[in-house]
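Only the coordinates and a few stated rules stand behind these numbers; no lab work does. All values reported here derive from a predicted model rather than from experimental measurement. Reconstructed Cβ throughout: ideal geometry from the backbone, glycine too, with neighbour counts over all protein chains shown.
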Number of protein chains: 2
Amino acid sequence: MDSTASTTAHTRQHTISLTRTPNLSEGSPEAKRQEIARYFTDTFDTYTRLFDCLADDAGYFQKAIPLRHPLIFYLGHTATFFVNKLVLAKTLKERINPNMESIFAVGVDEMSWDDLNDDHYDWPSVQAVLDYRAQVRETVLYLINTLPLALPIDWDSDWWPIVMGIEHERIHLETSSVLIRQHHLDRVQSQPEWAPNRETGEAPENELITVPAGTVRIGKPYNDAYYGWDNEYGEHQAEVTEFKASQYLVSNQEFLAFVEAGGYQQDSLWSEEGLAWRQFTKAKHPTFWRWHNGWQLRLMTEEVEMPWDWPVEVNYHEAKAFCEWKREQTGQPIRLPTEDEWYRLCDAAGVQEVGPGTANANLHLDHGASSCPVTRFRHGQWFDVVGNVWQWTETPTYPFDNFKVHPLYDDFTTPTFDGHHNLIKGGSWISCGNEARLASRYAFRRHFFQHAGFRYITSEAEAVQPNAYYESDRLLTEYAEFHYGDQWFGVANFPKAMADLALDAMAGKSTGKALDLGCACGRSSFELARQFDEVEGVDFSANFIRLGVEMAEQGAIRYSLTEEGELVSYHTRTLVELDLADTASKVAFYQGDACNLKPQYTGYDLVLAANLIDRLYRPRRFLETIHERINQGGLLVIASPYTWLEEHTPKEEWLGGFKKDGENHRTLDGLKEHLGQHFRMVGEPRKAPFVIRETQHKFQHTLSEVTVWERVPEQDH
Amino acid sequence: MDSTASTTAHTRQHTISLTRTPNLSEGSPEAKRQEIARYFTDTFDTYTRLFDCLADDAGYFQKAIPLRHPLIFYLGHTATFFVNKLVLAKTLKERINPNMESIFAVGVDEMSWDDLNDDHYDWPSVQAVLDYRAQVRETVLYLINTLPLALPIDWDSDWWPIVMGIEHERIHLETSSVLIRQHHLDRVQSQPEWAPNRETGEAPENELITVPAGTVRIGKPYNDAYYGWDNEYGEHQAEVTEFKASQYLVSNQEFLAFVEAGGYQQDSLWSEEGLAWRQFTKAKHPTFWRWHNGWQLRLMTEEVEMPWDWPVEVNYHEAKAFCEWKREQTGQPIRLPTEDEWYRLCDAAGVQEVGPGTANANLHLDHGASSCPVTRFRHGQWFDVVGNVWQWTETPTYPFDNFKVHPLYDDFTTPTFDGHHNLIKGGSWISCGNEARLASRYAFRRHFFQHAGFRYITSEAEAVQPNAYYESDRLLTEYAEFHYGDQWFGVANFPKAMADLALDAMAGKSTGKALDLGCACGRSSFELARQFDEVEGVDFSANFIRLGVEMAEQGAIRYSLTEEGELVSYHTRTLVELDLADTASKVAFYQGDACNLKPQYTGYDLVLAANLIDRLYRPRRFLETIHERINQGGLLVIASPYTWLEEHTPKEEWLGGFKKDGENHRTLDGLKEHLGQHFRMVGEPRKAPFVIRETQHKFQHTLSEVTVWERVPEQDH
């Protein structure tokens, strides 16, 4: 955004002046070393001073809210983070204080590995933590002063974890300020340095202003000049239809109408999840509103007369309920914007990044330690497109195409790709560094409070819900990888190899319609559709089918793979990278039973049954009826390792693998016996290998015997 | 044996003259074709005529003994056998009569796949079976007359199943004659062609004659000129100490003393298994003895005055009880001979194979359809070393080294390698073809009756009990193959690779004593003993240890592997073929717990822990105490795929594979943490692949991470 602020009438003095996140590509190494040193000390010391807002020791040790550690944890945590990442990166050979670093390592979000039981913690004294912080400060500064530095600083650079630690601390500058704001008033005290903005006036009438349709292209290249968290990288493109966006963020005044209209009591306005939250918490108004014979607003360290023209601060559920109410009131398609729509608005409003001068937005602590009127910062036809408070979106956070985790912090964003963490955009008055940049993508559980409010829009388009879900069911992830993932031991992708083999065998035959029976996650179906006009994939498992459908509809699936024990890695596979994007429209997936197929599955030129027959409960019935589905001259391709197990197939149904009349009866004998009446075997059986990955070290390596059968005219018997 | 019979006083006429089993290597193809044609018709027609001994249809359809099919089955069975093997060999394209061939396929022995419930059989008429036999006869003759023939006829020849079918029918000529002998007297009738020998006289006094010590070398080469069943091939060598063998087979007269002395009532003379049989059957005398105011003997179709100088016919249990009784009576170490001792006796007696002339032994139906006096055929200093009746041995049948099953009949002998089927040697009056040769090795359950008796010996040596057991426990067989079997996917044998890697790492160090901890079946232990003075293999599993001990003590282990479904293949692995025979004396195996090792396991220059740590219940304890067992400068080699599973290791004991203080904690981190105090890591971790075979098509393919640790002097911490 333009740093020549449009208004200079406000002359508040404040002493905090935080450096901007550095350009990591340009400049001389020595100047960059100095810039990073200042960026570090600025951040580290400002963070330490934030805790001056606590009134006494109890302020450190008493929890602000039950589901969070007390603030003493956060005082230590940002220091420990430096040590942990630098040890992980092997830049630091020894820990500074193993005890502190164990206590302060985890507990920020509601992660499975967090331990929030206070009985398990013997918190150190404030002074001990401050002493520890001083040690860490010295160590990091020593590294900054001595580490060899070459530009650009990229993901692989020794400097990356240092910048990561600084940006991490800037995040906690904001989240700790929220915790202080949520703390008991007795436990906090005002500090001149952290004084709020005092401006207020009458709230404006909001109005909806058109944002023209347009293309949004986001996602940072991996050589971007500025530090980013993993979820900012990759590629994403979307066509956004025209919509209208409210000129201002929703003010306390505008939200009051919802409160007074009984919005908190009208269940129909709330989503199921939102209603559950509201009933659990018994919320009746925004969390920072206080009623003392009139509405007041809780700031970091004080309560003030309600500034009606400041943005309201709510969680996603409250924002969404407000939109529903407004939709009812106006009959207009009012909702929260998506992330794409927010970027489109940025474009329409001409918003630019924060530069070195004072921000033209309530960002980066440039304008005091609180919100300010929603009328204060104009951006194009709108106000507060960035800054003041974060803006909730309809978009659960998700990875862009070509997403990769950073090896030093592989669980920063991946656990939030669960459909339950919605993105907030634009930054607040205390967002700084990476947080204040347009590319930043923070996401929180929908019931969380931050310095966050919202802007509403009207649009005829449904909010696009990206697929944020990482499949983690073990069998499904193994099959997803088997179908769409990497190769091991030099063994070619099996579903593709089966499709290729079938297509070879189809040479010269009609390729109208194919059935991929036991399609699992569907890779063969897509491969067959390179040549077939139509491919139907059928599997007994709805879960397998779901992955195939996801791939067909969204062009991508995501899953985690077990590496070792409970450790996982994250993967996205797309049709585009497999050169299969054009096939999706020719493929359809259905749940079905190969032993009892519905009548409509018929008229096929090819039926592929790969790794199917030894998992059927009635394979004989399947073999004896499948000819009814196949056109004369059409092919049946069967591949199987013949792994007969009673848990899948009763022994009397096995096609082979037993003594019959005293002789070895192999499955191939059984196939010939049961298919002989309607099929002619084409060529000889051959073995096709496949590998299924279980962990980074453990694989199933199997040989599937492939036979090709041609449907022949009926004969007398 | 010499065909110029030593006595010609006996001038009985009989009409059966059976050709000898042909030499399959020598001669002209056309002559051989004629010889085989005659061998076939001779056998086929003689077998058909044996059933003339049945008096009426009831003789065919009423069971002779409850655990056997009625004789109608056996009439059809030998014909069906030809068809089944020729179809299996693909020499015959179509079955002759699928219904007959299903009914007559199986049911000969008490095999798991036999179905002896008569309700399940709708037996064809005798005439229908005879008609079927005629069809089969024509078909086989057609093949004999038309199949291309090249000599030698070996295992792979198209002719092998034809000769197999003939030899199979000759076996049934004998076993059906036993069933006829066991049939109700009303159901049988005498036939001139099958008239018994009528000679009898006074029984001789038996005496013991010395057989000098000597080496026995048996086992046919795979290019032997005569047809053989699979268990005759391979190599076996034994040193037999001097012993004494009874001059004659035990006669009815000699056995009478045992009966009259109350031998059938004296439990202490009987083995546990023998006693159970005797109590179940309430036997009080030999099965073919009949009491009609004096002892008579049941022959095939009649009962005769007891010929006291004929050999007694008993099962193994009765023979053994007699020996025990005789041992008590005489104070001499009397027992049955082993197979090796029988061959040594043949050598001492100068016995030769049956030639083209009349046999100098009651063999091959050359001397009538029954036993004859034990004084009739002299062989060196003894009588009836071969012929008259089979002789029970102390030896449960077992495969020779380099044993292989024939692919057309893979379950002829393998199911008898169970320690419950004892070898009978020497043949009886009706044994002919392969049966009459010295190499033949028939074995029956110890309670079975054949035309079989015994000779006893005295020896100071214990009867050697060969290892006949094929391991079939699935996990054990997979590990046996993993340690001693084939390679797949080009992956080197893992236990050997681990030992080689450890030996490499030991270069220049003392190689006194090594511990192979988690040794499983012990391959690494043997490999380490190539260089170490002493290797101790320790495993938690007594079953694994048992295989290692078997390999060390007997130089071989045997196991079956799953091929497909229930079908298995049979394997023998020896130390000799792995060039490890010299190491066995340096290796000892013990059952033990790696997490709680006994104090004596100490003083090692090397501890190898391959694929161990992720199966321990307390791996941390193991790592923290193992240094106490290792000499200064000694090595600890750890290999593991780090497959942590709660079923083996409680999660709090995992060395890695989880988040620790928010960061990925890998097993390698855990190893460094727990071993760092006493060890120095040598070199870098590397990955070693291994493959475990589950079926012919299914494998586990895993990477084990290998780290080498040197014990360092204690340090202050």
Open item on the list: Can you list the copy-to-copy distances for residue A:569, using a point 7 angstrom from Cα toward Cβ, in nanometres, shortest first?
Closed with: 3.5
Task: For residues of B:688-701, the mean tally of beta carbons on other chains within 10 Å - done: 5
Task: Unit charges at the beta carbon, dipole of segment A:239-287: most positive-side option, A:249, A:268, A:287 - done: A:287
Task: Loop-resident sites, segment B:444-526, for trypsin sites (Lys or Arg not before Pro), counting at most 16 other Cβ within 10 Å (DSSP) - done: B:509
TODO: Along Cα-to-Cβ, 7 Å out, sits the label point; list in nm, shortest first, how far the one on residue B:38 is from those in the other copies.
DONE: 11.6
Open item on the list: Looking only at segment B:474-716, where both bridge partners belong to it, what percent of the DSSP beta bridges are antiparallel (to the nearest 5)?
Closed with: 60 percent
Task: Three-way shape call for segment A:474-716 based on the alpha-carbon gyration tensor, with the a/c threshold at 1.5 - done: oblate
- [ ] With unit charges on the beta carbon (Lys/Arg positive, Asp/Glu negative), name the residue among A:505, A:526, A:540 whose Cα is farthest towards the positive pole of the charge dipole of segment A:474-716.
- [x] A:505
Task: Rel. contact order, % - alpha carbon contacts under 8 angstrom, at least six apart, segment B:470-537 - done: 30 percent
Task: Euclidean distance of C-alpha centroids, segment B:473-551 and segment A:641-687, integer Å - done: 38 Å
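In debye to the nearest 20, how big a dipole does segment A:133-292 give about its Cα centre with +1 on each Lys and Arg Cβ and -1 on each Asp and Glu Cβ?
700 debye
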Open item on the list: Tell me which trypsin sites (Lys or Arg not before Pro) from segment A:266-331 have a DSSP coil assignment and no more than 12 other beta carbons within 10 Å of their own.
Closed with: A:282
Task: segment A:359-463: GluC sites (Glu not before Pro) falling in loop per DSSP and having at most 13 other Cβ within 10 Å - done: A:460, A:462
Open item on the list: Compute the distance from the alpha-carbon center of segment A:319-392 to that of segment B:233-297, in whole Å.
Closed with: 105 Å
TODO: Evaluate the relative contact order of segment A:574-717 (contact order divided by residue number), counting alpha-carbon pairs under 8 angstrom at least 6 apart; express in whole percent.
DONE: 23 percent
- [ ] Give the nm distances, rounded to one decimal, from residue A:52 to the matching residue in every other copy, measuring between label points 7 Å along Cα toward the beta carbon; shortest first.
- [x] 12.6
- [ ] Extending each Cα 7 Å along its Cβ direction at residue A:661 and residue B:672, get the distance between those two points in nm, one decimal.
- [x] 6.7 nm
- [ ] Taking the rotation that carries A onto B, look along its axis and tell me which residue of A has the beta carbon nearest to it, distance in whole angstrom.
- [x] A:701, 2
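How fast does the protein assembly as shown diffuse by Stokes-Einstein, in µm²/s, taking the Kirkwood radius from C-alpha pairs at 25 °C and 0.890 mPa s?
62 µm²/s
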Task: Net charge dipole size for segment A:303-390 [Lys, Arg +1 and Asp, Glu -1 on Cβ; Debye, nearest 20] - done: 260 debye
Open item on the list: Rounded to the nearest 20 debye, what is the charge dipole size of chain A about its Cα centre when +1 sits on each Lys and Arg Cβ and -1 on each Asp and Glu Cβ?
Closed with: 120 debye
Task: Options A:301, A:58, A:391, ranked by Cα towards positive dipole end of the protein assembly as shown, top entry (Cβ charges) - done: A:391
